[in-house]
1. Only helices at least 30 Å long along their axis, Cα-based, and averaging 0.0 or more on Kyte-Doolittle count here, so list those DSSP H runs from the chain.
2. Placing +1 on the Cβ of each Lys and Arg and -1 on the Cβ of each Asp and Glu in region 365-438, which of SER376, SER428, PHE415 has its Cα farthest towards the positive end of the resulting dipole?
3. Report the per residue volume, in Å³, of the convex hull enclosing the C-alpha atoms of the chain.
4. Using only the C-alpha atoms of region 1-105, find the volume of their convex hull and express it per residue in Å³.
5. Relative contact order for the chain using alpha-carbon pairs under 8 Å, separation at least 6, rounded to a whole percent?
6. Within the P(r) computed for region 82-232, what percentage of the Cα pairs occupies the region above 18 Å?
7. Let me know the shape class of region 295-438, please: from the alpha-carbon gyration tensor, a ≥ b ≥ c as square roots of the eigenvalues, rounded when a/c is under 1.5, otherwise prolate if a/b is greater than b/c, or oblate.
8. Post the alpha-carbon centroid distance, region 179-207 to region 138-168, in whole angstrom.
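What follows draws every value from the coordinates through simple rules; no lab data is involved. Model, not experiment: these values are computed from the prediction. Positions of Cβ are backbone-derived with ideal geometry, glycine not excepted, and every protein chain shown enters the neighbour counts.
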Amino acid sequence: MRLAVPIIIGNVGQTLITLTDTIMVGRLGADSLGAAGFTGGLFFVFMIFGIGVLAPMSALFAQSHSRNEHDEGGDLLRHSVVAAVLISVITMAGLWVMMPLMGFMGQTAEVVKLSMGFAPYLILSLLPSLLYQAYKQFTDGIGRVKVGMYVMIVCVLLNILGNWLFINGHWGFPEMGLNGSGLATLLCRILMAVMMMAYVHRHPEFKKYFAQKWRRHIHNVKLKKIFHLGIPNGLTYIFEVGAFTMSSVMMGWLGSAPLAAHQISLNLASISFLVTVGIGAAGTIRVGYESGLRHFREARYAGRVALILGAGYMLFSAVFVFFLREPLARIYTEDMQVIGYAASFLAVAAAFQFFDGIQAVAVGILRGLQDTKWPSVLAFIAYWIIGLPIGYYLAFKLDLQGPGIWWGLFIGLVFTAIFLTIRFERLSARKQVPPSEL
């Protein structure tokens, strides 16, 4: 937990930025809240891919750290920064191309109009977000997990201030509405990247990682290794987050009120989910560290502990969300119709949280064993072959409406949780067997 708690706080901080955005934007009405959820969902698919590509770096940093290979750690950071820039350029271009297509995704005219103004701020924030992630994977991987936590705490507070200033127009700033929230988010993400880069490059503790000049030739072999591990992991993230984004699109077909309730429910579910992502990230570091020393029995033990912690926490969270679903929805809005929809969605969200926690941790500990391909295959099957089609059938063919979409997601999460756990058990057992006995 020494590793997990600061990572969890940092992850929850990221969600708190979205949470405060949602609460403050929610006061503008269902259309603004729906536009924030719709646009943010589309943007998040691209950003989470970049984060997913960079996430396996923490295991590589942990392995080099376990062997005291400081030059290797610094060189890995240099290449991960290059990877972050390349990913940003490609994904930003993709988002700009998608903007004119928003009007063809079945949303209301007002939601589309608001989204077109809000989207550019999110797109521009992608580069600083991924630069922050590149440096955060480095500090997390070498065990300095509090660095990213402190940066995130500062930015949560500044984002609240920025929303207050720009959404409603205080201290002489113009009243920007939903776009004001986008501007606050952009400025906070730039600050996060600058703070992380300045700390790592200026603090004496990290000088040993920069003994060699950074302006050296970029090695294609190392970049290929980053992308070889990272792209399947990024696809895993996309398949899951993309499924939830597609669920938002389908929910939008039912109207602004169900879409707003869906956004509230996803936001609340993501808070507990990111706790288990933090546990999984700590599992990545511990499993990667022990694997670097070829202590595979200890690596398996660390992975199992992470799974138990994640499942136990989510069981508690499920009970909490189920019994307090209406009061939690009231935090976001006073619209009784939206609250009613959100309460019904959160009842299903409570049901799947246990399995969501297991699969989130399992992805992390498999990443520590440098296994990213099988999780991506299983995620695709779980969400796009099983979960979404079932959700569509329940919602629109059996007329279960919004809850039907959520039950489809539940079935997908159960599938991926079971098979990712089986994959970890088999792979970690195989690694304990000496090569001569294979």
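1. 4-26, 30-54, 70-98, 146-167, 178-202, 220-252, 256-292, 296-323, 336-368, 402-431
2. Result: SER428, furthest along the dipole toward the positive end.
3. Measuring per residue, one finds 135 Å³ for the Cα hull of the chain.
4. In region 1-105, the Cα convex hull volume per residue is 116 Å³.
5. 22 percent
6. That tail contains 68 percent of the Cα-Cα pairs.
7. oblate
8. 8 Å
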